[in-house]
Each structure stands twice: as C-alpha cells, then as structure tokens.
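Okay, structure first, notes after.
The values are calculated or read from the model by the stated rules, or taken from the named source; none is laboratory data. None of these values were measured; they are calculated from a predicted model. Glycine also receives a Cβ, built like all others from the backbone with ideal geometry; neighbour counts cover every protein chain displayed. Quick note on the areas: whole protein, heavy atoms, side chains included, nothing else; ligands and nucleic acids left out. Shrake-Rupley method; radii C 1.70, N 1.55, O 1.52, S 1.80 Å.
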Amino acid sequence: MQTYTGKNLDDALAIAASDKHVAKDDLKYTVLEETNGFLGIGSKTTISAHCKYDIMEFIKNYLQSYFDNIHMKATIEVSEENDFYNVNLDAENNAIIIGKNGKTLQAINSVLKSAASSEFKRRVRVLIDINGYKEEKYQKVCSLAERVAKTVIRSKTDAILDPMPADERKAIHNHLHDMKHVSTVSEGEGNQRRLKIVYTPDKD
C-alpha cells in the first residue's frame, strides 16, 4: 500500500488524494508516523492510504496473475457498489474454475478475499461470479428454500437446509424475508454452517 508524508494529517491526505485523483473523503487511511518537530517546525505525518480504485486494481491484478500462472485466458471485470466488490469472470474453461458444486470457485473467492483484506488491513467484501453461474445458483437455492418454507408453514415444523456458503444463505434470507409465518437463522460453524427455516406464526 502506498504511503504519503505531509506537514500534518490534512496535508498528507491532500497529497494522497491528488495522487489518486479522488476527493479526500474517498480515502481510507492509517497514520503510520507523526513527528511534532520543534515549535511546529519540521512536523510531519506519514500515512498509508487507499481508495476503492486501488482495491479494484488489486483484485484484477491478483486474479490475472492466477490465470497467467495456470496458463488460462480469462476476462476479468471488477465493479464496486456500497463497499462491496463484484468480480465477473469468463475463462477458457469455466467448468474447471467453478469445480464440483462450485467448491473451486468458492475456494478462489476465499483466497482472494483474504489476500485483499490483508493487503488493505481491513475487511474487503468480494464475490466472484463466472459467466452468471452464481446468479443461476441463487435462483435455484432460493426456489428450493421457498418450497421448503411452504412445507414448514403447512406442517408448522422447522426445517434445516444443507450446508452452503454465506452468500447463498444471504440470498435465501433476503428472498424469504417478507414471507409470512417463516423466518431464517444460520446455525453451525465453518463449512458446516447452514440455514434453518423457522415456523414463525406471529410474523405477518
């Protein structure tokens, strides 16, 4: 991550913002060193700073390096919305990158998220999709969850779905959020975490 030094924090931020061609409010920063000087003379502040474009560039370069190393061509597009980074991939062999039941794709996503979070010293939320695979998967799991939810309402008995990644659990949670008489909670740890559809008679 790049570092910038100014006479004070505001000056260092101004230098960083000018270098990155963004407003100071668009920066996230960490103060690395502050020197007061003598009677204010010689004072300086050093910061590390980044903006969303730095994260987008890191994500794209990280994935490009991965595909270069496995000698596979891929188109990589990165977008950001509300501090969430979406990656759309289209590789020479999408099936290999997705893997059985999406496990290879999930592993790549986890490694990328960890690498970006480590690089920028903050939690970076990122989701990789390959040629629309994830959107299609969301539709399938939400359709299944809706059928299970209707059974829960009829039987008044809770149901637990199979373990699934956090993004798929979130998709189901959002899908069922406004459905009457059911609610959703996550249970379990790690890769065994799953969604429970709970009969909730008081929910209208």
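Checking every residue in the stretch 40-59 against the condition of being at pLDDT 95 or above and in a loop (DSSP other than H, G, I, E, B) gives at least one match.
Report yes if some residue within the stretch 154-175 is among the charged types (D, E, K, R), in contact with a helix residue (DSSP H, G or I) (Cβ under 7 Å, 6 or more places away or on another chain) and more than 21 Å from N88 (Cβ to Cβ); otherwise report no. Taking every residue of the stretch 154-175 in turn, at least one turns out to be among the charged types (D, E, K, R), in contact with a helix residue (DSSP H, G or I) (Cβ under 7 Å, 6 or more places away or on another chain) and more than 21 Å from N88 (Cβ to Cβ). Looking only at the stretch 133-151, decide whether some residue is in contact with a strand residue (DSSP E or B) (Cβ under 6 Å, 6 or more places away or on another chain) and either of a type in the set (S, T, Y) or modelled with pLDDT under 95 (or both). Checking the stretch 133-151: not a single residue is in contact with a strand residue (DSSP E or B) (Cβ under 6 Å, 6 or more places away or on another chain) and either of a type in the set (S, T, Y) or modelled with pLDDT under 95 (or both).
The number of residues in the stretch 157-204 being within 18 Å of S143 (Cα to Cα) and charged (D, E, K, R) comes to 10. For the stretch 1-21, which positions are surrounded by 13 or more Cβ atoms within 10 Å (Cβ to Cβ), closer than 10 Å to A49 by Cβ and out of contact with any strand residue (DSSP E or B) (no Cβ under 6 Å at 6 or more places or on another chain)? Of everything in the stretch 1-21, those that are surrounded by 13 or more Cβ atoms within 10 Å (Cβ to Cβ), closer than 10 Å to A49 by Cβ and out of contact with any strand residue (DSSP E or B) (no Cβ under 6 Å at 6 or more places or on another chain) turn out to be L13, A17, K20. Taking I55, is it surrounded by 10 or more Cβ atoms within 10 Å (Cβ to Cβ) and either among the β-branched types (V, I, T) or in contact with an Asp or Glu (Cβ under 6 Å, 6 or more places away or on another chain) (or both)? The answer is yes for I55. Listed by first and then second residue, the pairs linking a residue in the stretch 156-182 that is farther than 11 Å from A145 by Cβ and at pLDDT below 95 to a residue that is assigned to a helix (DSSP H, G or I) and open to solvent by 70 Å² or more (accessible area, probe 1.4 Å), with Cβ atoms under 7 Å apart and 6 or more places separating them unless they lie on different chains, are P163/N191; P163/Q192. Here K100, K44, K24 are screened, and the one residue that is open to solvent by 50 Å² or more (accessible area, probe 1.4 Å), closer than 30 Å to G190 by Cα and more than 21 Å from the chain's Cα centre (by Cα) is K100.
For (1) touching a residue at least 60 places away in the same chain (Cβ under 8 Å); (2) among the hydroxyl-bearing types (S, T, Y); (3) in contact with a Ser or Thr (Cβ under 6 Å, 6 or more places away or on another chain); (4) loosely packed, with under 12 Cβ neighbours inside 10 Å, each residue gets a yes or a no:
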site	(1), (2), (3), (4)
N69	no, no, no, yes
F84	no, no, no, yes
L105	no, no, no, no
F120	yes, no, no, no
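In the set (1) within 29 Å of I130 (Cα to Cα); (2) free of Cβ contacts under 8 Å to residues at least 40 places away in the same chain; (3) assigned to a loop (DSSP other than H, G, I, E, B), the condition left unmet by V22 is number (1). When we screen S65, S79 for residues that are open to solvent by less than 60 Å² (accessible area, probe 1.4 Å), part of a strand (DSSP E or B) and small (G, A, S), the only hit is S79. Residues in the stretch 122-153 that are closer than 23 Å to G102 by Cα, of a type in the set (G, A, S) and buried (at least 16 other Cβ atoms within 10 Å of the Cβ): 1 in all.
Only residues that are assigned to a strand (DSSP E or B) and among the acidic types (D, E): list them for the stretch 127-153, please.
Of everything in the stretch 127-153, just one residue is assigned to a strand (DSSP E or B) and among the acidic types (D, E), namely D129.
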